[in-house]
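> The structure that follows is given in the form of structure tokens.
A short reminder: the numbers here are calculations on the coordinates, not readings from a lab. As the structure is a prediction and not an experimental result, all values here were calculated from the model. FYI the Cβ positions are ideal-geometry reconstructions off the backbone, even for glycines, and counts take in every protein chain you see.
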Amino acid sequence: MYCTLGRITSSLQCVALYLRPVRHRCGVYVGPHVVENRGGQNITRHRKKHTTSLSQSQTPHHHNPKVPQTPTWECVREDQLPLPTKVPPDLVDKLERLALLDFRNQDGVDCLEKAIRFADQLHVVNTDGVEPMASVLEDRTLYLRDDRIEEGDCAEQLLGLARNTLEGYYVAPPGNIPLPERDEREVLLKYSEM
Amino acid sequence: MAASLVGVLAVVRNVSVKRTVRSKCLISSSHVCTRRLGASACRNAKAQVKRSLSQELVGVVGLEIHAQIHASTKLFSGSQVRFSSPPNSLVSFFDASLPGTLPVLNRRCVEAAVMTGLALNCTINKKSLFDRKHYFYADLPAGYQITQQRLPVAVDGRLSYGVLVDGSQNHVLERSVRIKQIQLEQDSGKSLRDGHRSQTLIDLNRAGIGLMELVMEPDMCCGEEAAAAVRELQLILQALGTCQGNMSEGQLRVDANVSVHRPGEPLGVRTEVKNINSARFLARAIDYELQRQMAVVESGGTVVNETRAFDFKSGQTIPMRDKEGLQDYRFMPEPNLPPLLLYDQQTAPMDADPTQVILIDQIQEQLPELPRVTRERLVKTYGILPEHSFTLVNEDDLVDYFVSVVQRTKAEPRKVIGWVLKDLLGQLKQRCLSTAQSPISPLALAELLDLLEAGRISSPAAKLVFQELWKGTGRSAEQIVEQQDLGVMRDHGEIERICQSVIDSHPEEVRAIRGGNRNVLNKLMGRVMKQTKGRADPLLVRTLLEEKTS
């Protein structure tokens, strides 16, 4: 069973919570029934087989020796992890204001706490004396562009995307619209969910 | 940009640093300061400080300067950089933050940042990183700004500037301010308030233009020092060509962090002053804010940490809309940009494409002449005083003007500088003109000085000719002298006759002179000069008068 924080917008990187190891999905699934390529039908059948049951890992005839049959790692024990983080309501409020998220109700906050707990497993690794990475691309060279005018002059296209424009300008409300207070928000949400 | 958490932390860290030398404020007589500010801690005017130093409040000013990089295109996209253009015409898909677009760094911007760092004696970080600073505002379409918070391009520099002290002394005091860091970042778009329809109009032409943010340590203590530092920075950036430094066009934006405290005590709560459009307003805004804070503290109140805008019409700072407490920018590494690596000629990879490699020492060698060096060169080549050199370099185009006059005239540079700084510059300032708009060309001034040097006219007459030339009637100095008969009076007899007549018509004065009061002689001299229309040689007149009245 797994649950995703589907309601959290993309400004917080989506974290899929796996509470138990599942079979890793790779792009190419070599199944037993592909003999001839009969077009769409075969592929659909593949996909159906692929998603329905996870227990169908037992006996594919051409199994990839690099993919282990059973999980090779063990769960991290609770006592190895630091104390569980509780997210206080004030912090939830602040996050909602800063990142324009909507935790909606206590379930959303619980999901967040579980996500933090999952990430706490990283604390088990000893990183003393190791330089943190800047990003996974840090060994690539940064491309430097010439100072030449190559883009721009597409005002019509860009303004065509906006709902509201005026004489070549985008129209926006004056300043940031402040989020309503928490009580008001709950009232709003009750009505919006209906 | 609003003060970041990092900035606040920096201030808090400063609190625990005990500084043995407090930067004191030197107030000149022409300074717009109250007596209270003037009395507080003057390095030279110790006599003014009656109360013990520990009781006086001193101001602490730190500046955050955003300089728009002078390049053809923006920092991460290939759209053009230009000041006035139809709205949203210089915007690429990346600038509009359309999904699927990625930043591509502009080499010219990196070179500009490195040049500026080297000119300000900074340590250039061979590896620097880009980060995202998140906040929501309509003029920031992506919801974040790409900046360099963790590891900026240059750190630990020093800006040396001079504060001109007018009055009896008239010399230049050397000061310096530490530069904490220089970083590359994106500019945001422009928003215009449409009051009628209660909406904001967004123009993204400015969004994405490369900025150099220079963060200075709070080493300054009043508006005058800040204005002088900004002026020096403007000159340096203009000399390097990395920024045109025009504050009114928004190419150089200065935000001041102002606080007051007593020497030896921790730094006080600071406020940020924004919306300053010129160096003159900067000094006034900072001084007003310092006065306001001192009044608050001395009356027992506490200064609130807020952002204030400067209203140049009233000369006051007004609190801006409250920003809901401290902003948390949720900095994160920019995932689309690997680290920026800079090399020296020795460390550069062998097989690298030269357009992809930036060599720090090569840029160092190719740095143009900085203002400090120009000043020293002028003093050495032309034998003028350092203060004159300072004023010359401070005004746009005045150095070129001065040099072209000196090249065309036989007069000594020391005499030329007097004419250029007192007469020409005085007139320009009075009429708020720039050197380029001067009605007197260097050639015309050179001709006038040649006449003076040759002894064809006296110095009072030369001043009259100068006035005539200023009117711009197209006549040369020669022609004016001819037409108005201002040539030096050669007829010795004529001069003697006039002296005699003046003496005869002022018997009381003559008696006073004979009685011992030599100063009255000047009055008689004035009479003679008026009669001769300034054409007589003053020395000759004086000798004649002295003879006749002895």
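> What is the fewest-to-most order of B:294, A:133 by other Cβ atoms lying within 10 Å of their Cβ?
Lowest count first: A:133, B:294.
> Only sites in a loop by DSSP and with at most 15 other Cβ atoms within 10 Å count here; which trypsin sites (Lys or Arg not before Pro) in segment B:193-240 make the cut?
Those satisfying the criteria are B:197.
> Next question, about the same structure. If the only charges are +1 at each Lys and Arg Cβ and -1 at each Asp and Glu Cβ, what is the size of the charge dipole of segment B:492-549 around the Cα centre, to the nearest 20 debye?
180
> Ok, one more. Any idea how far the Cα center of segment B:296-322 sits from the one of segment B:400-459, in Å?
Spelled out, the Cα-based centre of one part sits 46 Å from the other.
> Which peptide among B:371-379, A:101-109 comes first, and what is the full order, when sorted by highest mean count of other Cβ atoms within 10 Å?
Result, highest mean first: B:371-379, A:101-109.
> Using the crude model of +1 on Lys and Arg Cβ and -1 on Asp and Glu Cβ, and no other charge, please compute the dipole size for segment B:42-333 relative to its Cα centre, in debye to 20.
Result for segment B:42-333 is approximately 240 debye, rounded to the nearest 20.
> Looking only at other chains, what is the average number of their beta-carbon atoms within 10 angstrom of each beta-carbon in B:84-96?
5
> Would segment B:424-522 count as rounded, prolate or oblate if I go by the C-alpha gyration tensor, calling it rounded below 1.5 in a/c and otherwise prolate when a/b exceeds b/c, oblate otherwise?
Judged from the Cα gyration tensor, segment B:424-522 comes out prolate (a/c at least 1.5, a/b above b/c).
> I've got another one for you. Starting from segment B:427-473, pick out the trypsin sites (Lys or Arg not before Pro) whose DSSP state is loop and whose Cβ has at most 11 other Cβ atoms within 10 Å.
Hits after loop and neighbour filter: B:431, B:471.
> When the helix-only estimate is applied to chain B (DSSP H runs of n ≥ 4, each -39,500 (n - 2.57), divided by the residue count), what is the mean residue ellipticity at 222 nm, nearest 500 deg cm²/dmol?
-11000 deg cm²/dmol
> Where q = 0.16 Å⁻¹, what log10 of I(q)/I(0) comes from the Debye formula for segment B:371-483, counting one point per Cα?
Values, matching the q order: -0.70.
> So for segment B:371-483, taking the charge dipole from beta-carbon charges (+1 Lys/Arg, -1 Asp/Glu), which of B:424, B:385, B:399 sits furthest toward the positive end?
In segment B:371-483, that residue is B:385.
> Using only the Cα atoms of segment B:42-333, what do you get for the radius of gyration and for Dmax, in Å?
Considering segment B:42-333 through its Cα atoms, Rg and Dmax are 20.2, 68 Å.
> For peptide A:132-139, what's the mean number of Cβ atoms from other chains within 10 Å of each residue's Cβ?
Mean inter-chain Cβ contacts per residue within 10 Å come to 5.
> Could you state, as a whole-number percent, how many of the C-alpha pairs of chain B are farther apart than 45 Å?
The share of Cα pairs beyond 45 Å in chain B comes to 32 percent.
> Can you list which of the GluC sites (Glu not before Pro) found in segment B:186-279 are DSSP loop residues with at most 14 other C-beta atoms within 10 Å?
Passing sites in segment B:186-279 are B:249.
> Sort B:151, B:385 so the one with the fewest other Cβ atoms within 10 Å of its own Cβ comes first.
Exposure proxy ranking, most exposed first: B:385, B:151.
> What does the structure give for B:334-341 when I average, per residue, the other chain Cβ atoms found within 10 Å of the residue Cβ?
For peptide B:334-341, the averaged partner shielding equals 5.
> So, with +1 on the Cβ of K and R and -1 on the Cβ of D and E, and no other charges, what is the size of the charge dipole of segment B:371-483 about its Cα centre, to the nearest 20 debye?
220
> Using the 10 angstrom Cβ neighbour count as an exposure proxy, how do B:70, A:62 rank, fewest first?
So the residues, fewest neighbours to most, are A:62, B:70.
> Then there's this: Please report the orientation-averaged projected area of segment B:492-549, defined via the convex hull of its C-alpha atoms, in nm².
3.3
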